[in-house]
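Right, one structure below, let's go through it.
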Amino acid sequence: MDLNYSPEELAFRDEVRGWLRTNLPVDLRQKMESYQELSKEELLRWHKILARKGWVAPDWPPEWGGTDWNVVQRYIFEEECGFAATPMVVPFGVRMCAPVLLQFGTDAQKKRFLPRIYQGEDFWCQGYSEPGSGSDLASLKTRAVRQNGHYVVTGQKIWTTMAQHADWIFCLVRTDASGKRQDGISFLLIDMKTPGITVRPIVLLDGSKEVNEVFFDEVKVPAENLVHEEGKGWTVAKYLLGYERMGTGRIGASKRELAKLKEVASEQMKDGRPIIEDPRFRDRLTRVEVELMALEITNLRFLDQMRRSGRPPGADVSMLKIKGTEIQQAITELMMQAAGPLAQAFRPVDAMDFDHFTARLAPRYCNLRKATIYAGSNEIQRNIIAKATLGL
């Protein structure tokens, strides 16, 4: 959709498309298109290709390696990557911790961490959720006590994505339990090799182990790893969550998935004809396609506002998260329906399988159940819109 793109922006889109065609390794693209899990090495391989080009951190200031692209160019780049089936740039370092350091970090923290994040030398994860403290994050209990130039951290984090690969974790911890809950939270950077840290995988419905429990048993963290002020971590956390939610619509990836869905539905038969000709299936398919078009138009409206005003969007950005994740789930459901018996659950995937793509549909369907929960559940997003936008 080319709504209101200038000739310069269209030329930029063509440049990005051409570069991705030339530089995205075929094996990585094929693994992404067939829903295979990528290793840490494969994720970092793509990260470093982008870093060499200078495109791994478009949002950063130019002096730290950013591209100086405007908001529309950044959007075009993200959507073209999704449509081309590139591996994700793992967001915890580049798109979450780094913006926090750029906004709240000391000069020493920026010089220490930002170049290593940019080059993919440090792999990061996020320590926010705890048992009993997910959507109600302010109720977190992991405590940090300051002693002799260190914080001593004790507690547990849960659903920590890719913690098994991480070199560092940024953590919300409680440094004061006496007053208002939000006022006693601080933001710490913790080396995952520190004695006292234990990572235990959580096996998901699809059999993967991408999320983990992380236990802290009197872990000593240097006081200089505190970001912003002690007790002001809630301010940092809210700033970071705004960055997290802007990237959850994944429109380019959904457009690619929708095209693949139509291809599968044109090949799979029901009652002697392709299932795409079944009226009920076509009705559901068209509804998802229309919703995806509406989501793209809404996203472009936000971009136009940002381009005109220079200000980030407000609470309304939660709409992108809600509809984007619902569309992602709907496409996986339709893909399962289109594949029929070939998409049976727990079908083994091995070298002898005649159809690796359909064998991975059920695991992907199970995995995508998380999409409406992460980055703040969609129920919480609706509350945000109701309070901040509608004044309810």
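Read-outs: derived from the displayed coordinates by stated rules, not from any lab. In this text the structure is predicted, and so the values were computed from the model without any measurement. No Cβ is skipped: glycine too gets one built from the backbone with ideal geometry, and neighbour counts run over all protein chains shown.
Quick look at the numbers
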{"read-out": "Ellipticity estimate at 222 nm from DSSP helix runs (n ≥ 4, -39,500 (n - 2.57)) divided over the chain, nearest 500", "value": "-14500 deg cm²/dmol"}
{"read-out": "Reachable lysines from LYS260, criterion Cα separation under 24 angstrom, eight or more residues apart if same chain", "value": "LYS31, LYS270, LYS321, LYS323, LYS370"}
{"read-out": "For the chain, built as a Gaussian network whose Cα springs stay under 10 Å, the top-fluctuating residue of MET335, MET306, MET96", "value": "MET306"}
{"read-out": "Relative intensity, log₁₀ I(q)/I(0), of the stretch 199-243 from a Debye sum that treats every alpha carbon as a point, q = 0.24, 0.27, 0.30, 0.33 Å⁻¹", "value": "-0.90, -0.92, -0.96, -1.03"}
{"read-out": "Hull volume in cubic angstrom per residue (convex hull over the Cα atoms of the stretch 124-231)", "value": "92 Å³"}
{"read-out": "Degrees between helix 107-119 axis and first principal axis of the chain (Cα, 0 to 90, nearest 10)", "value": "30 degrees"}
{"read-out": "Rounded FRET efficiency, nearest 0.05, which uses the C-beta distance separating ASP68 from ARG308 and R0 of 30 Å", "value": "0.95"}
{"read-out": "Estimated FRET transfer efficiency (THR22, ASP316; beta-carbon r; R0 30 Å; 0.05)", "value": "0.20"}
{"read-out": "Ascending count of other beta-carbon atoms within 10 Å, so fewest first, for THR142, THR235, THR286", "value": "THR286, THR235, THR142"}
{"read-out": "Proxy reagent accessibility, fewest Cβ within 10 Å first, across SER133, SER266", "value": "SER266, SER133"}
{"read-out": "Per principal axis, descending, Cα span of the stretch 61-176 in whole Å", "value": "45, 32, 24"}
{"read-out": "Rounded tilt (10° steps) of 251-267 against the dominant C-alpha axis of the chain", "value": "30 degrees"}
{"read-out": "Overall Cα dimensions of the stretch 7-89 - principal axes, largest extent first, Å", "value": "35, 28, 18"}
{"read-out": "For the chain, the Rg and Dmax computed from alpha carbons only, in angstrom", "value": "21.8, 76"}
{"read-out": "Segment THR286-ASP14, length gained on full extension (0.36 nm per residue, minus Cα span)", "value": "95.1 nm"}
{"read-out": "Cα-based helix-to-principal-axis angle, 40-53 vs the chain, degrees rounded to 10", "value": "90 degrees"}
{"read-out": "Debye intensity ratio I(q)/I(0), log10, the stretch 247-389, q values 0.11, 0.13, 0.17 Å⁻¹ (C-alpha model)", "value": "-0.50, -0.66, -0.97"}
